[in-house]
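Below is one structure, written out as structure tokens; the observations come after it.
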Amino acid sequence: MAINRMESDEEISLRIVKTIYNKAELIADQVIEEGDNYRNWDEKLDDILTSRWLGFPIMLLLLGIIFWITIIGANYPSEALAKLLFGGQQKLALFFMWLNFPNWLLNFLVYGVYHGLAWVIAVMLPPMAIFFPLFTLLEDAGYLPRVAFNLDNAFRKAGCHGKQALTMCMGFGCNAAGVVSARIIESPRERLIAILTNNFVPCNGRFPTIIILAGIFVGGAIYSYKTLIASAVVVGLVLIGIITTLLVSFILSKTLLKGVPSNFTLELPPYRKPLIGQVIIRSIMDRTLFVLARAVVVAAPAGGIIWLLANNYIGEITILSKFINWLDPFAQLLGMDGVILSAFILGLPANEIVLPIMIMGYLSSSTMLELDSLIALKSLLIDNYGWTWLTALSVMLFSLLHYPCATTLITINRETKSLKWAILAALIPLVIACMVCFSLNFAINFFSLL
């Protein structure tokens, strides 16, 4: 292959890769026989799914359908689980009374530890059990590499490596896994950008919170279209996460991590017929139960700690109330309150427990109620604590953009071998989350839109 000295390094690299693939395709055509229908089917699908005009809208539509099915399907199982688990709460209390447990220990175990576990399971299991198998179907069919292909050009324009699109897709499952997958990026500079921005797409732990709040708050008077509007809101939040990833990557590539983006060639795998049974088993075992188990392990002590904080006093005020009151003025600027912000702080070990901790915080600060459905949850937040659609949106945005969980931060420290980058990986999203929520609430209040 002749090389023109007037060409840039990028153009030469692209020509070399193109020549290699043309040669490989020529050899394959000579030695491999495959059915025309198979080849035509793959090519026709790719013409649509990776189209410049249709690729991105189709991606958003598919995500919207998944969220819509999740929101519709999660309500009744969640209500049934809540009734079952909270129905056993009093029986558990009577059992401990029969064993002559001290009153403080009975309350700690039943209304602290058990109550927290019941909420985690009832609130989080149904949406996860629906969402993860559906998302895994797209992954198993070979669609996610097409998403990375559609996003490749945007990432290169943002000054980072095209492979970052792949690591971002991994982040939809788990941000810690997305950080580890950044190893596929050869350039240390571009790998760091991918690591520092992987948190901006919602992971397994944040999806249930976002989906639940969208499902119970969004839609207002247009009840018949409520789930469609809620699904569109969740898709919009995912889109905000992708845009934030690109913007922060661009800023990092022009400031802290300057450099020229590298080229790479993405080879799209063939489409596969998903193995439904295998997909269900894998998604339930590897994702749903894994995430739920991690949430339960953290929620059990968290429920106990919150009960202790809510039942131990400094003067005439509980420790929990004191902490909440201290956070409240700043939280109000972000469109939230002290309970919500304290839940995000106490939920650092795992994003899965932020919403349950929030509910435990509300319930512990008044009477210990038993919420037996998502409708009851909505009533609690609106009637007792004055939530509005703006509060819910602020919480969803903060959940989307705030710092990664402890597992991800530990993974970042291990992958970068630097505490500095782990601290930056926490501070950058936190500052952005605060700025976005503050700007949103300032604009809504300034223009009297609430």
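The values are calculated or read from the model by the stated rules, or taken from the named source; none is laboratory data. This is a predicted model, so every value here is computed, not measured. Every residue, glycine as well, gets a Cβ built from its backbone with ideal geometry; the counts of neighbours run over all protein chains shown.
Go over the candidates C203, C169 one by one and state the one that is assigned to a helix (DSSP H, G or I), within 18 Å of F135 (Cα to Cα) and not β-branched (V, I, T). Even if it seems obvious, please write down each step before you answer.
Working: C203 fails: assigned to a helix (DSSP H, G or I).
Criteria check complete, one pass: C169.
Tell me yes or no: at least one residue of the stretch 83-101 is under 27 Å from L309 (Cα atoms), of a type in the set (A, V, I, L, M, F, W, C) and not in a helix (DSSP H, G or I).
yes
Looking at (1) touching a helix residue (DSSP H, G or I) at 6+ places or on another chain (Cβ under 6 Å); (2) at pLDDT below 80; (3) in a helix (DSSP H, G or I), which is the one condition that is false for S249?
(2)
Restricting to the stretch 59-68, name every residue that is of a type in the set (V, I, T) and surrounded by 18 or more Cβ atoms within 10 Å (Cβ to Cβ).
So in the stretch 59-68, the residues of a type in the set (V, I, T) come out as 65-66.
Listed by number, the list holds a single entry, I66.
Tell me yes or no: at least one residue of the stretch 127-144 is hydroxyl-bearing (S, T, Y), assigned to a loop (DSSP other than H, G, I, E, B) and out of contact with any strand residue (DSSP E or B) (no Cβ under 7 Å at 6 or more places or on another chain).
Within the stretch 127-144, one or more residues are hydroxyl-bearing (S, T, Y), assigned to a loop (DSSP other than H, G, I, E, B) and out of contact with any strand residue (DSSP E or B) (no Cβ under 7 Å at 6 or more places or on another chain).
Counting only residues that are of a type outside the set (S, T, N, Q) and farther than 29 Å from L390 by Cβ, how many does the stretch 407-450 have?
First, the residues of the stretch 407-450 that are of a type outside the set (S, T, N, Q): 409-410, 412, 414-415, 417, 419-438, 440, 442-444, 446-447, 449-450.
Adding the requirement that they be farther than 29 Å from L390 by Cβ leaves 409-410, 412, 414-415, 417, 419-424.
Matching residues across the stretch 407-450 total 12.
Say we look at the stretch 176-218 and pick out the residues that are of a type in the set (K, R) and touching a Leu at 6+ places or on another chain (Cβ under 8 Å); which of these is modelled with the lowest pLDDT?
Restricting attention to the stretch 176-218, the residues satisfying the condition of being of a type in the set (K, R) are 183, 189, 191, 206.
Filter once more, keeping what is touching a Leu at 6+ places or on another chain (Cβ under 8 Å): 189, 206.
Details: R189: 92, R206: 89.
Within the stretch 176-218, the match that is modelled with the lowest pLDDT is R206.
Being farther than 30 Å from Q89 by Cβ, touching a Ser or Thr at 6+ places or on another chain (Cβ under 8 Å) and crowded, with 24+ Cβ neighbours inside 10 Å: is that true of V147 here? Spell out how you get there, then give the answer.
Values: farther than 30 Å from Q89 by Cβ: yes; touching a Ser or Thr at 6+ places or on another chain (Cβ under 8 Å): no; crowded, with 24+ Cβ neighbours inside 10 Å: yes.
Spelling it out, it is not the case that V147 is farther than 30 Å from Q89 by Cβ, touching a Ser or Thr at 6+ places or on another chain (Cβ under 8 Å) and crowded, with 24+ Cβ neighbours inside 10 Å.
Would a scan of the stretch 367-383 turn up a residue that is touching a Phe, Trp or Tyr at 6+ places or on another chain (Cβ under 7 Å), at pLDDT 90 or above, part of a helix (DSSP H, G or I) and among the hydrophobic types (A, V, I, L, M, F, W, C)?
No, the stretch 367-383 contains no residue that is touching a Phe, Trp or Tyr at 6+ places or on another chain (Cβ under 7 Å), at pLDDT 90 or above, part of a helix (DSSP H, G or I) and among the hydrophobic types (A, V, I, L, M, F, W, C).
Taking A82, is it in contact with a helix residue (DSSP H, G or I) (Cβ under 8 Å, 6 or more places away or on another chain), surrounded by 14 or more Cβ atoms within 10 Å (Cβ to Cβ) and modelled with pLDDT under 85? Break it down into steps so the answer makes sense when it comes.
Numbers: in contact with a helix residue (DSSP H, G or I) (Cβ under 8 Å, 6 or more places away or on another chain): yes; surrounded by 14 or more Cβ atoms within 10 Å (Cβ to Cβ): yes; modelled with pLDDT under 85: yes.
When the stated conditions are applied, A82 passes them.
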